[in-house]
Amino acid sequence: MRLKDKVAIVTGGGSGFGEGMARRFAAEGAKIVVNDLNAAGGQRVIDAIKQQGGKAVYVGGDVSKRADVKAIGAKAVSEFGRVDILVNNAGVTHKNQPMLDVPEEMFDKIFAVNVKAIYLAALEVIPLMRQQGGGAIINTASTAGLRPRPGLTWYNASKGAVITMTKSMAAELAPDKIRVNCLCPVAGITGMLGDFMGADTPENRAKFQASIPIGRLSTPEDIANAALYLASDEANFITGVALEVDGGRCI
């Protein structure tokens, strides 16, 4: 098992990419702390992990709030004693629309959840990893931060920030043996797909798929497999990478 006895926090782990990563990590021997605002989704994921013989706990909370993030880290330590892997996956987007039509409140929410949450998680988890002698952090960015599309300007900007944060964190934390990488998925079959496309219609799906050389949208399994590599000891010389999991979209 590639993650045997490691402890992983996965934010936004109650559905979509986060669920895929949580379940894949558990199958490879990791103990999982699933965070999600949706309690039903989070509980469903940990129940599925336990049914397969894995170990997992659910912690609710808003990753843009310091007290909630502190509680996530505390739960990991109280249940499993350490944190080896942190996946900052929770994210939100605005609906595909002209940039001037996005309300200020939505702009603030996007940057709070997609960007500030990584800062807050760093405050709580990096000291633990330093005490342990290392760890791995994976941030979920997006192809939107590399090859942005019109209609998602503020979301694109938040993911561009995630990519830059990842690289800077990697450079600063390398002496502590803490690796930091990010994933850049293309649009995937998750709950946010309709917002990305404006509406989830066969016509819009065909339009998006036509921009992906491999000819399909991403799946949670695609992202989980890439994350597994970055989280594993096999990637112990890999840090500061923005890995495109995109079927060729960014070529």
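No value in this document is a laboratory result; all are computed from the given coordinates. None of the values given here were measured: they were computed from a predicted structure. When we count neighbours, we look across all protein chains shown, and the Cβ atoms used for this are built from the backbone with ideal geometry, even at glycine.
Extension gain D62-N236, at 0.36 nm per residue separation less the Cα-Cα distance, in nm? Walk me through the intermediate numbers first.
On the way: separation 174, 0.36 × 174 = 62.64 nm, distance 3.06 nm.
Stretched out fully, the D62 to N236 stretch lengthens by 59.6 nm.
Sorting check: for 4-16, 160-172, which peptide has the highest mean count of neighbouring beta carbons within 10 Å, and how do the rest follow? Show your work: numbers first, answer last.
Values: 4-16: 24.5, 160-172: 17.8.
Ranked by mean Cβ neighbours within 10 Å, highest first: 4-16, 160-172.
Just to verify a number: FRET efficiency for L100 and D176, C-beta to C-beta distance, R0 = 41 Å, to 0.05? Mind showing how you got there, number by number?
On the way: r = 43 Å, r/R0 = 1.04.
In this case the efficiency is close to 0.45.
With +1 on the Cβ of every Lys and Arg and -1 on the Cβ of every Asp and Glu, and nothing else charged, how large is the dipole of the chain about its Cα centre, in debye rounded to the nearest 20? Present the calculation step by step, with values, prior to reporting the outcome.
Details: 28 positive and 25 negative charges, 74 e Å.
Its charge dipole is roughly 360 debye.
If you stretched the chain out fully between A199 and E221, how much longer would it get, using 0.36 nm times the residue separation minus the C-alpha to C-alpha distance? Intermediate values should be presented prior to the final figure.
Working: separation 22, 0.36 × 22 = 7.92 nm, distance 2.33 nm.
Taking 0.36 nm per residue and subtracting the Cα distance, the gain is 5.6 nm.
Given Cα pairs under 8 Å that are at least 6 residues apart, what percent is the relative contact order of the stretch 1-142? Write down the numbers at each step before the final one.
Numbers: 260 pairs, mean separation 34.1, N = 142.
It rounds to 24 percent for the stretch 1-142.
Could you tell me the largest-minus-smallest coordinate of the C-alpha atoms of the stretch 7-245 on each of the three principal axes, in descending order and whole angstroms?
Rounded to whole Å, the extents work out to 48, 39, 34 Å.
Placing +1 on the Cβ of each Lys and Arg and -1 on the Cβ of each Asp and Glu in the stretch 7-245, which of Y229, Y155, M192 has its Cα farthest towards the positive end of the resulting dipole?
Y229
Take I189, project a point 7 Å from its Cα along the Cβ direction, then tell me which residues of the stretch 9-37 have their backbone nitrogen under 14 Å from it.
What the label zone holds, given the 14 Å backbone N cut-off, is 16-17, 20.
Could you calculate, for the stretch 118-202, the ratio of the Cα radius of gyration to the Kirkwood radius, expressed as Rg to Rh? Intermediate values should be presented prior to the final figure.
Values: Rg = 15.4 Å, Rh = 14.2 Å.
Rg divided by Rh gives 1.09.
How much FRET efficiency would the formula 1/(1 + (r/R0)^6) give for K50 and Y119, where r is the Cβ-Cβ distance and R0 is 30 Å, rounded to 0.05?
Details: r = 32 Å, r/R0 = 1.06.
It comes out at approximately 0.40.
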